[in-house]
Amino acid sequence: MMMNSSIRCLAAGLAVSFACAGCYAYLPPDPPSQPLVGRTIEATLTDSGAVVLTAKIGPQVAQVRGRVLSVQPGAISLAMDETVQRDGDGTPWKHEVIEVPRPLIDAVAVKQFSPSRTVLFTALTSVVMVAIERGFLHSGGANAPGTAQTGTPGAK
């Protein structure tokens, strides 16, 4: 019984920590004029932007992600976290600074907390935890009532 309650506490603790961590999504800035400096963004490049920046960021890059260091009328300076290729593969960066000219950017999205994704993730995690508890921990095993071993092994 003690083991069962400690496992339940552990499962509840994991579920709460997952819920507190939250899920994030890249969404258009709201309002569009909000300051970007210090925020983590995803800039989607134009086709020509991907070609022009190939020497700096690599081939076939569709999006660049990173923290905005500065915004000028003609460019955005990023401490790069990741580039995402057209096939969806990502390449991590170690905060190298890249300046992306604004005409090469098709769209900008800001990393924001996503309540809907967090609720969905928490609900799915809870369902999995309950299924594990019901399937594996509810009853049975060597310590279940009525499974006590008696006698000496090998005795007839």
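Bear in mind these aren't lab numbers, they're just calculated from the coordinates by the rules spelled out. No experiment lies behind these values; they were computed from the predicted model shown. Cβ placement follows ideal geometry from the backbone for every residue including glycine, while neighbour counts extend to all protein chains displayed.
In this rough spin-label picture, where each label sits 7 Å from Cα along the Cβ direction, the ASP106-LEU69 distance is 2.6 nm. FRET efficiency for the pair GLU99 and VAL119, taken as 1/(1 + (r/R0)^6) with r the Cβ-Cβ distance and R0 = 41 Å, rounds to 0.60. Projection of the Cα convex hull of the stretch 54-96, averaged over all directions and equal to a quarter of that hull's surface, yields 3.1 nm².
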